[in-house]
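The values are calculated or read from the model by the stated rules, or taken from the named source; none is laboratory data. Bear in mind the structure is a predicted one, so any value in this text is a computation, not a measurement. Here Cβ is always computed from backbone atoms with ideal geometry, including for glycine, and neighbour counts include all displayed protein chains.
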Amino acid sequence: MGLLDYDRIVINQKAKLIEMVNEYMVRDDAGNQIGVIRQEGQSTLKKVARFVSSLDQFMTHKLGAYDADGTRVLELVRPRKIMKSTVQVFDGVGNPMGEIRQQNMIGKIRFGLHDATGQKIGEIKAENWRAWNFSIVNHLDEEVGRITKTWEGLAKTVFTTADDYLLDINGSLTGPLRVLAFASAVGVDTALKQDARGLG
């Protein structure tokens, strides 16, 4: 089963003493590692700049998502931002799949999910201002997935640190919205983690 075929995954942002390269372990709900998502394409100069300054949000970030066997399945690119973030989503060979676009900066953050033609096909809605709880909805405002820090019903051994969060996707979800829902679990973190909103 490919990484994008799972309906429930646990994503762990690996803790680093000095965080200069973001890396996420992806596991199934039994705790088995099924993939990895890692930051790519950083020059030495950019790594140094991330360490000695707070200019991170003004830099372009690129993440690659890989199956357990090393097959690349997704690429996420967050261009440098001034205010609102956009995360561009590509498939494993570089074809555009859509974008995750931050819609507001005040209150409960919302992101629009847009397919490769620019059409809005869904949204990510924060459920409060600080906590890591998001609802993923389709264009009819029906919930098709959730990103959450709560994991009732799962073995606590699956969650190794406070940096773990859970992505639940409706099993019937297909096409670009499924890809964007999967990408949103890491894309939202990449978009907001420099914004001092308690989401990092």
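Of all the residues in segment 82-135, those that are of a type in the set (G, A, S), closer than 19 Å to F182 by Cβ and free of Cβ contacts under 8 Å to residues at least 40 places away in the same chain number 5. Against the list (1) at pLDDT 90 or above; (2) under 25 Å from T71 (Cα atoms), the condition A185 fails is (1). How many residues, within segment 118-143, are loosely packed, with under 15 Cβ neighbours inside 10 Å and in contact with a His (Cβ under 6 Å, 6 or more places away or on another chain)? Total satisfying the criteria: 1.
Going by the conditions given, is D115 surrounded by fewer than 21 Cβ atoms within 10 Å (Cβ to Cβ), of a type outside the set (S, T, N, Q) and at pLDDT below 85? Criteria not met by D115.
State all residues of segment 87-111 that are of a type outside the set (A, V, I, L, M, F, W, C), buried (at least 17 other Cβ atoms within 10 Å of the Cβ) and closer than 18 Å to I147 by Cβ; if no residue qualifies, say none. Result: G98, E99, R101, Q102. Identify, by number, the condition in (1) touching a helix residue (DSSP H, G or I) at 6+ places or on another chain (Cβ under 7 Å); (2) modelled with pLDDT of 90 or more; (3) not small (G, A, S) that D141 doesn't meet. Exception for D141: condition (1).
Condition check ((1) under 18 Å from the mean Cα position of the chain (by Cα); (2) buried (at least 16 other Cβ atoms within 10 Å of the Cβ); (3) at pLDDT below 90) across all residues:
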{"residue": "D29", "(1), (2), (3)": "yes, yes, yes"}
{"residue": "K46", "(1), (2), (3)": "no, yes, yes"}
{"residue": "A49", "(1), (2), (3)": "no, yes, yes"}
{"residue": "F58", "(1), (2), (3)": "no, no, yes"}
{"residue": "H61", "(1), (2), (3)": "yes, yes, yes"}
{"residue": "D67", "(1), (2), (3)": "yes, yes, no"}
{"residue": "T71", "(1), (2), (3)": "no, no, no"}
{"residue": "S85", "(1), (2), (3)": "yes, yes, yes"}
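Taken over segment 118-134, the criterion of being within 12 Å of S184 (Cα to Cα) and modelled with pLDDT of 95 or more is satisfied by G122, E123.
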